2 protein chains.
Amino acid sequence: MPPSGSPISPSIASRLHDHNHCISTAMETAQRICSDNGVRLTQLREQVLRLIWQSHRPLGAYALMEMLAEQSTRRVAPPTVYRALEFLLEQGLIHRINTLNAFVGCTHPQGDHDNNFMICEECGVAIEFCTEKIQHDIKDSAAQFNFTIKAQSIELVGLCQACTGNKDE
Amino acid sequence: MPPSGSPISPSIASRLHDHNHCISTAMETAQRICSDNGVRLTQLREQVLRLIWQSHRPLGAYALMEMLAEQSTRRVAPPTVYRALEFLLEQGLIHRINTLNAFVGCTHPQGDHDNNFMICEECGVAIEFCTEKIQHDIKDSAAQFNFTIKAQSIELVGLCQACTGNKDE
DNA sequence: AAAGGTATGTTATTATATAACACTATCTTT
DNA sequence: AAAGATAGTGTTATATAATAACATACCTTT
C-alpha cells in the first residue's frame, strides 16, 4: 500500500491492481474528512462518490445521473448530481477533468489540491500524478509573470502503459 | 519585438503593450502558415481569427458568433463558428482554454503546440507561457508511468500582475 | 413542537457543441 | 470554358453540459 498522500502507483495504468481496495480506502477517507470538516457525507453524496470510484475513468455528470436513476426508483435531475459533485469537489474528494467535462476520485484527498492527470484516450483511465519538481517549476514561471496561482490543472492526454503496448505490438 | 517562437512578454499581463502590433503580427503569421501548409485562410476564418485577437482574453464560441453576426448582415449559426475554430486549432493558430470553454490566439504558432496558460480570473487575460524545465519534468513524469503524451494542457487560474496589485493596494 | 439551517426535489432554462444534409465556391483536368 | 471533384459554408435540428429559481423535506437546537 502506498503511503497516505502519495499519488497512485503506476500499476493502476495497467489495470493490474486491487480496485476494491481503492474503493474502500476512498470511502473510509471520505467519511473521515467530512467528519473532520464538520460536513455531512449524506447518502446521496456517498452514493455519487462510490459511483465515481467504480473505476479510474472520469465519469460525466449525466452518466452519473443515469447510474443513480438505475439504482433508485426515483427520477434524478441534473441539479441533484451537480450539487453532490460540487460538495465532493469542495471537500477535495474528487477532481474535475476539464478536457473531458468529467469527474474522477482523488487519490490523495488530504494534500494540495492541484489537478494533475494523465488521461488515456484509449481506455479512458485518468492517472493522478504530482511531483515536487513540476510544482517548483510552475511556481517559478508564475513568479516571472508576477502571477498569483489560485488553482492549477495539468492534463496530459495520450496513451497509458497498457494501451501503448496494445498499439505497438 | 521578441524573437519568433518565444512566449509573449510579461508586460502583456499588465496590459501595457501595443496590441495592434500583436494583431498585425498574428494575422501576417497566420497567412504565412496557411500558405506554407497549403490550406486556405478564407474570409470567414480570417475574420474569426481577427476577432479572437481583439484581446488576450479567451472568447467563447457563442460570443464570437454574436460578434460575427454584428459584422455581417447574414445570420451566423454555431457550426459556422465551430468549423472556423476547428480549422484554426488544426493550424495551431489558436488554443482552446479548457477551464473556460473559450479560445485565444496563439503567440508562437510555429513551435510545439502545448497549451500552457496563466488565466486571470479578474480581468480574463490568458498569458501563454512555456519553459524547457517544465517540459522536461513533465516528460519525466510521463516516462515513469510509461505514458505516451499526445497533447498537453497546463492551466493556472489566478490573478495576473495588474490584478494582484489592484487587490493588494 | 417550533424555528432555522441544510439538503434535496422539481421545473425550466441557459450554455456549449455536433450531426446531417444542402448548397456554393474553388480548384483541377480536360 | 465546361465538367467533375473537393473544400467550404449555410441551415436545421439535436445532443450534451450546467445552472437558476423556487418548493419541499430533513435534521438540529431549543
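For the range B:60-74, indicate whether the set of residues that are within 21 Å of B:Met118 (Cα to Cα) and part of a loop (DSSP other than H, G, I, E, B) is non-empty.
Step one: of the range B:60-74, the residues within 21 Å of B:Met118 (Cα to Cα) are B:60-61.
Of the ones still in play, those that are also part of a loop (DSSP other than H, G, I, E, B) are B:60.
Yes - at least one qualifying residue is present in the range B:60-74.
Exactly one of these conditions fails for B:Gly92: (1) within 25 Å of A:Phe117 (Cα to Cα); (2) within 14 Å of another protein chain (Cβ to nearest Cβ); (3) more than 12 Å from DNA strand D (Cβ to nearest atom). Give me its number.
Among (1) within 25 Å of A:Phe117 (Cα to Cα); (2) within 14 Å of another protein chain (Cβ to nearest Cβ); (3) more than 12 Å from DNA strand D (Cβ to nearest atom), the lone unmet condition for B:Gly92 is (2).
Select from the range B:36-82 the residues that are surrounded by 16 or more Cβ atoms within 10 Å (Cβ to Cβ), within 12 Å of DNA strand D (Cβ to nearest atom) and among the hydrophobic types (A, V, I, L, M, F, W, C) and list them in ascending order.
Across the range B:36-82, the qualifying residues are B:Leu41, B:Leu44, B:Val48, B:Leu49, B:Ala61, B:Met65, B:Leu68, B:Val76, B:Val81.
What residue, among those in the range A:100-120 that are within 17 Å of B:Ser153 (Cβ to Cβ) and free of Cβ contacts under 8 Å to residues at least 40 places away in the same chain, is nearest to the other protein chains (Cβ to nearest Cβ)? Steps first, answer last, please.
Going residue by residue through the range A:100-120, those that are within 17 Å of B:Ser153 (Cβ to Cβ) are A:100-102, A:104, A:114-120.
From what's left, free of Cβ contacts under 8 Å to residues at least 40 places away in the same chain: A:116-117.
Details: A:Asn116: 8, A:Phe117: 10 Å.
Selected residue: A:Asn116.
Quickly run through the range B:133-169 and pick out the residues that are closer than 21 Å to B:Asp112 by Cα, part of a helix (DSSP H, G or I) and at the interface with chain A (Cβ under 7 Å from one of its Cβ atoms).
B:Lys133, B:Ile134, B:Asp137, B:Ile138, B:Ser141, B:Ala142
Using beta carbons and a limit of 7 Å, which pairs, at least six apart or on different chains, have the first residue in the range B:58-80 and in contact (Cβ under 8 Å) with a residue 12 or more places away in the chain and the second one part of a loop (DSSP other than H, G, I, E, B) and not hydrophobic (A, V, I, L, M, F, W, C)?
Pairs found: B:Gly60/B:Asn101.
Only the coordinates and a few stated rules stand behind these numbers; no lab work does. The structure displayed is predicted, hence computed values, not measured ones. Virtual Cβ from ideal backbone geometry, glycine too; neighbours counted across all protein chains shown.
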